[in-house]
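To start, the structure itself, in structure tokens.
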Amino acid sequence: MASKAQDRSIDPASLIMLKQAEKEGIETAWDRYEKQQPQCSFGQLGICCRNCNMGPCRIDPFGEGADKGVCGATADIIVARNLLRMIAAGAAAHSDHARDAVLTFKKMTEGKAGSYNIKDEAKLKALAVEYGIPVEDRNREEIASELARALLEEFGKQEGPIQFTRRAPEARLKLWAKLGIEPRGIDREIVECMHRTHIGVDNDPTHILLHGLRTSLSDGWGGSMIATDVQDVLFGTPTPIKSTVNLGVLAEDKVNLVMHGHEPILSEMILEASEDPNIQKLAKEKGAKGINIVGMCCTGNETLMRHGIPTAGNFLQQELAVITGAVEAMVVDVQCIMPALGALTSCYHTKFISTSPKADFPGTVRMEFHEETAYETAKEIVRTAVENYPNRNPERINIPDEKQECMVGFSAEAILAALGGTPAPLIDAITGGAVKGIGAVVGCNNVKVKHNYGHVNLVKELIKNNVLVVTTGCNAIACAEAGLLVPEAADQAGEGLKSVCEALGIPPVLHMGSCVDISRILVLASAVAKTLGVDISDLPAAGAAPEWMSEKAVSIGTYVVSSGVYTVLGTVPPVLGSEAVTGLLTKGLNGVVKASFAVEPDPFKAADLMIEHIEEKRKALGLEP
Amino acid sequence: MKEVMIRPERCMGCRSCEIACAVEHSESKDLFSAIGESPVPCKRIYVEYIPDLAVAIPITCRHCEDAPCTTVCPTKALSRDEVSRRVIHSPELCIGCWTCSMVCNYGVIGRQKEARVAMKCDLCPDREIPACVEACPTRALVYAEVKDFSGIKRSQAALKLAKGMQTGSIP
Ligand code: SF4
Ligand code: SF4
Ligand code: SF4
Ligand code: SF4
């Protein structure tokens with residue numbers, strides 16, 4: 001049988017593993033996707049409703065059969081309700097992650113999470129000032145404890161405002177207030193999504209979607225932003241640092257522990273525990289040269305950004321890492337972890353260790369992680385990995401050589417610092433025309449797109465056209481693997497962007513962090529808009545999620561658009577079954593939040609759309625094209 | 001000739017076959033584009049629901065060997081293709097008299113609204129496997145020669161009997 005690998009990824013390391021999987025008859029997401037073909041048309045169009053037990057109800061998209069559900073819900077209503085539930089799930093995932101970060105922070109202030117402490121005192125104080133908490137002549141423990149309480153209250157607030165929304169430009173805040181979409185409380189908006197989509201509650205598509213915008217804002221300027229900032233206080237605000245990415249970071253002669261998932265609460269402890277001299281000694285005794293901790297997906301981004309810990313890959317590389325045969329432990333917490341890892345790790349010596357009280361998977365070793373005993377559990381986890389080293393089957397080890405240098409760690413603070421403390425030099429570069437604008441490219445991998453093809457080509461097109469790219473999540477890892485996160489990548493940029501990058505010694509693509517760190521992009525956009533005295537929607541900026549798949553991405557896309565940034569999606573969201581909802585998302589929203597969505601699977605055409613939009617915005621600001 | 005054979009016990013009533021059929025008979029042959037097309041793409045397979053038994057069964061043209069529809073069609077719009085052995089319909093000859101509908105035992109001759117002519121399963125001439133068969137998630141539809149289909153059924157029946165011999169009861 002001819003190899004299918006070439007059609008599945010553009011990344012050379014991944015191709016090697018895909019061929020290995022084929023050779024050994026090991027099933028991966030791509031094979032499972034094939035078995036799902038063709039996928040259900042009702043699902044793809046979003047016109048199936050299971051919200052009550054008179055259903056499931058489906059609408060005939062060709063108008064011959066049913067045009068309403070049992071309750072009378074039309075395609076428009078069903079599509080809008082389904083979309084709202086996706087937003088709710090996405091916002092819940094980000095915000096519940098934030099809640100755990102705040103709870104850890106709070107326990108730390110109460111002395112109940114002894115393994116954690118404050119790494120960024122300046123940020124702690126800055127956040128406290130935002131909350132109106134006095135900082136003069138107070139010790140940091142007092143400040144932290146008051147801040148923890150204030151942050152925790154954001155989840156249960158009933159009437160808002162969520163404090164960090166105040167970071168948005170005045171014009172944006174006024175617009176949200178006028179539309180009635182200022183979030184009132186993180187949990188409240190998510191709960192209300194579930195209430196509204198229950199049978200017989202909200203049945204006006206526009207009305208439903210407006211609440212979707214509000215819920216997404218409670219994520220972007222609430223949950224996600226809180227997660228980012230609390231994690232910065234606890235683990236340090238990222239600053240530029242060099243590292244390596246891709247499957248080649250797995251070591252032939254060391255214990256490989258892959259941290260996969262999303263919450264640095266876990267990964268930071270594992271890093272610390274791996275340095276324990278006793279464990280290091282044990283590793284030597286077991287015949288390993290040391291312990292190699294690497295990241296995967298967003299938890300990888302967190303430790304990459306803060307410590308330069310290598311990252312083995314993005315979402316679609318999780319199975320491929322195991323197939324190298326060299327992973328002693330795959331340690332996971334929450335989000336984007338394939339249950340398939342259970343069956344897969346059972347074909348290898350790899351221990352699949354689940355740690356979150358919220359998330360378990362088939363075939364795991366359970367090592368539940370709690371703040372109170374964080375360090376001890378982390379040590380147990382690392383020890384389990386080390387003890388598993390002798391169980392490796394040397395004949396099955398196949399680690400690709402491919403790894404790539406990268407420069408990461410561009411938090412909003414770090415970017416401002418690189419610019420000399422103010423966004424002015426960036427603004428000058430934009431107004432002068434050397435930099436045409438800013439492209440925010442983010443999001444997952446999706447087997448519907450050749451792995452990394454959408455990400456890498458879109459970003460390359462943008463920088464070629466002098467658009468500075470900021471990136472997070474799986475896009476950031478894809479760019480790193482393609483060698484776009486090194487200062488030398490400026491050679492692939494247009495003349496203007498190239499000169500700016502060379503002057504500042506930065507790559508043309510700036511890694512701003514994990515998916516919750518898209519909040520950093522909002523903060524940066526807001527800072528630029530405020531300096532220019534305009535709204536975010538006036539900026540020559542555009543967003544894209546070329547290979548998105550998760551519900552979190554739906555929430556992200558929605559809050560980015562609600563914040564005023566035109567966003568191009570690379571895979572089709574399940575909304576086309578309703579002309580009304582599709583029209584609202586792709587056009588109507590312009591009249592509401594001054595930005596909208598577009599769908600374009602071809603990354604080259606998507607780049608064109610973004611550049612066109614950036615040019616329009618430049619023109620409106622009176623800037624040279 | 002291969003036929004669309006039905007294994008009714010497997011049908012979940014999901015109507016994926018119907019949509020796939022309509023999309024295949026659309027201008028664009030793409031779901032996302034087809035939903036906006038005019039004329040509206042039409043299906044040629046019908047999932048019939050039997051409330052008393054709470055079961056759904058897909059019904060489609062049998063391409064009968066001795067097809068009554070071809071016999072009665074006054075304009076020879078319905079005819080048998082001698083090469084493929086399929087019962088085919090030529091819309092340009094069709095006068096919309098619905099005589100065929102009256103004699104078809106399965107009721108699978110539909111009406112194309114805009115052109116006001118008959119419309120039926122053509123076994124997807126542009127495809128190797130008909131769209132409905134490919135779309136069915138439970139393989140309730142199979143595209144096979146009757147002799148192969150029956151062969152499989154026979155061996156399944158034989159297996160059941162053999163197991164019955166071993167355990168002393170016929171499952
Ligand atoms: S809520 Fe309405 S459309 Fe949805 S399953 Fe119930 S009756 Fe059907
Ligand atoms: S349309 Fe009816 S009568 Fe004609 S071939 Fe098909 S099943 Fe037989
Ligand atoms: S409706 Fe058309 S195909 Fe059917 S019998 Fe009349 S002419 Fe023939
Ligand atoms: S696709 Fe298959 S299971 Fe679904 S209705 Fe058609 S025959 Fe039945």
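Couple of notes before you dig in:
- Residues (within 13 Å of the chain's Cα centre (by Cα) and either surrounded by fewer than 19 Cβ atoms within 10 Å (Cβ to Cβ) or not in a loop (DSSP other than H, G, I, E, B) (or both)) located in region B:110-121: B:GLY110, B:MET119
- Within region B:115-160, if we keep just the residues that are more than 15 Å from ligand 4 (Cβ to nearest atom) and among the β-branched types (Val, Ile, Thr), the residue that is nearest to B:GLU65 (Cα to Cα) turns out to be B:VAL146.
- Here region A:17-69 is the region considered, the condition is being in contact with a strand residue (DSSP E or B) (Cβ under 8 Å, 6 or more places away or on another chain), open to solvent by less than 30 Å² (accessible area, probe 1.4 Å) and among the small types (Gly, Ala, Ser), and the residue that is nearest to ligand 3 (Cβ to nearest atom) is A:GLY69.
- Considering residues of region A:50-77 that are of a type in the set (A, V, I, L, M, F, W, C) and either within 14 Å of chain B (Cβ to nearest Cβ) or closer than 27 Å to A:ASP333 by Cβ (or both) only, the residue farthest from the chain's Cα centre (by Cα): A:ALA66
- When A:PRO574, A:PRO540 are screened for being of a type outside the set (Asp, Glu) and farther than 20 Å from A:THR431 by Cα, only A:PRO574 passes.
- No other residue among A:ILE162, A:ILE143 is closer than 26 Å to A:LEU589 by Cβ and modelled with pLDDT of 95 or more apart from A:ILE162.
- Candidate set from region A:174-206 (those that are within 16 Å of ligand 1 (Cβ to nearest atom) and in a helix (DSSP H, G or I)); member that is nearest to the other protein chains (Cβ to nearest Cβ): A:PRO205
- Residue tally, condition farther than 29 Å from A:ILE199 by Cβ, aliphatic (A, V, I, L, M) and open to solvent by 20 Å² or more (accessible area, probe 1.4 Å), over region A:70-120: 2
- Complete set of residues in region A:430-460 that are surrounded by fewer than 22 Cβ atoms within 10 Å (Cβ to Cβ) and more than 25 Å from A:CYS297 (Cβ to Cβ): A:THR431, A:GLY432, A:GLY433, A:ALA434
- Per the conditions (1) away from every other protein chain (no Cβ under 14 Å); (2) of a type in the set (A, V, I, L, M, F, W, C); (3) surrounded by 12 or more Cβ atoms within 10 Å (Cβ to Cβ), the sole criterion not satisfied by B:LEU159 is (3).
- Scanning region B:143-165 for residues that are of a type in the set (Asp, Glu) and touching a strand residue (DSSP E or B) at 6+ places or on another chain (Cβ under 8 Å) yields one hit, B:GLU145.
- Pairs meeting the criteria (first residue in region A:562-574 and within 11 Å of chain B (Cβ to nearest Cβ), second residue among the charged types (D, E, K, R) and surrounded by fewer than 24 Cβ atoms within 10 Å (Cβ to Cβ), beta carbons under 9 Å, at least 6 apart or on different chains) are A:VAL572/A:LYS448.
- Residues in region B:109-136 that are within 14 Å of ligand 3 (Cβ to nearest atom) and away from every other protein chain (no Cβ under 14 Å): 8 in all.
- Of the residues screened, A:ASP538 is one that is open to solvent by 30 Å² or more (accessible area, probe 1.4 Å) and touching a residue at least 24 places away in the same chain (Cβ under 8 Å).
- Per-region count, region B:38-47, residues more than 9 Å from every other protein chain (Cβ to nearest Cβ) and assigned to a loop (DSSP other than H, G, I, E, B): 4
- Residues being away from ligand 1 (no atom under 14 Å from the Cβ) and of a type in the set (Gly, Ala, Ser) - total across region A:66-93: 6
- Residues being closer than 26 Å to A:ASN314 by Cα, open to solvent by 20 Å² or more (accessible area, probe 1.4 Å) and out of contact with any Ser or Thr (no Cβ under 9 Å at 6 or more places or on another chain) are represented in region A:543-561 by at least one member.
- Verdict on A:VAL447 being of a type outside the set (Ser, Thr, Tyr), part of a loop (DSSP other than H, G, I, E, B) and touching a Phe, Trp or Tyr at 6+ places or on another chain (Cβ under 8 Å): yes
- Any hit, region B:65-80, residues being β-branched (Val, Ile, Thr), within 16 Å of ligand 4 (Cβ to nearest atom) and at pLDDT 95 or above: no
- Residue, most open to solvent (accessible area, probe 1.4 Å), within region B:67-79, restricted to residues that are assigned to a helix (DSSP H, G or I) and within 9 Å of ligand 3 (Cβ to nearest atom): B:VAL72
- Identity of the residue in region A:15-39, part of a loop (DSSP other than H, G, I, E, B) and out of contact with any Cys (no Cβ under 7 Å at 6 or more places or on another chain), that ends up farthest from the other protein chains (Cβ to nearest Cβ): A:GLY25
- Scanning region A:283-314 for residues that are open to solvent by 10 Å² or more (accessible area, probe 1.4 Å), in contact (Cβ under 8 Å) with a residue 60 or more places away in the chain and touching a Lys or Arg at 6+ places or on another chain (Cβ under 7 Å) returns A:ILE291, A:GLY308.
- Residue among B:VAL87, B:VAL146 that alone is within 24 Å of B:VAL47 (Cβ to Cβ), of a type in the set (Val, Ile, Thr) and more than 15 Å from ligand 3 (Cβ to nearest atom): B:VAL146
- Top-ranked residue in region A:40-49 [being facing another protein chain (nearest Cβ under 10 Å) and either hydrophobic (A, V, I, L, M, F, W, C) or part of a loop (DSSP other than H, G, I, E, B) (or both); ranked as nearest to B:ALA131 (Cα to Cα)]: A:CYS40
- Unmet requirement for B:GLU82, which otherwise passes all of (1) within 14 Å of chain A (Cβ to nearest Cβ); (2) free of Cβ contacts under 8 Å to residues at least 24 places away in the same chain; (3) within 16 Å of ligand 2 (Cβ to nearest atom); (4) not in a strand (DSSP E or B): (1)
- Qualifying positions in region B:14-37 - part of a loop (DSSP other than H, G, I, E, B), farther than 18 Å from A:GLY43 by Cβ, more than 10 Å from chain A (Cβ to nearest Cβ) and among the acidic types (Asp, Glu): B:GLU27
- Restricting A:LEU266, A:LEU271 to those that are touching a residue at least 24 places away in the same chain (Cβ under 8 Å) and surrounded by fewer than 24 Cβ atoms within 10 Å (Cβ to Cβ) reduces the list to A:LEU271.
- Some residue of region B:93-105 being of a type in the set (S, T, N, Q), open to solvent by 30 Å² or more (accessible area, probe 1.4 Å) and either within 14 Å of chain A (Cβ to nearest Cβ) or within 16 Å of ligand 1 (Cβ to nearest atom) (or both): no
The values are calculated or read from the model by the stated rules, or taken from the named source; none is laboratory data. If you're wondering where the values come from, they're calculated on a predicted model, not measured in any experiment. As a convention, Cβ positions derive from the backbone with ideal geometry for all residues, glycine included, and neighbour counts pool all protein chains shown. Side chains included, ligands, DNA and RNA excluded: accessible areas come from the protein's heavy atoms. Shrake-Rupley method; radii C 1.70, N 1.55, O 1.52, S 1.80 Å.
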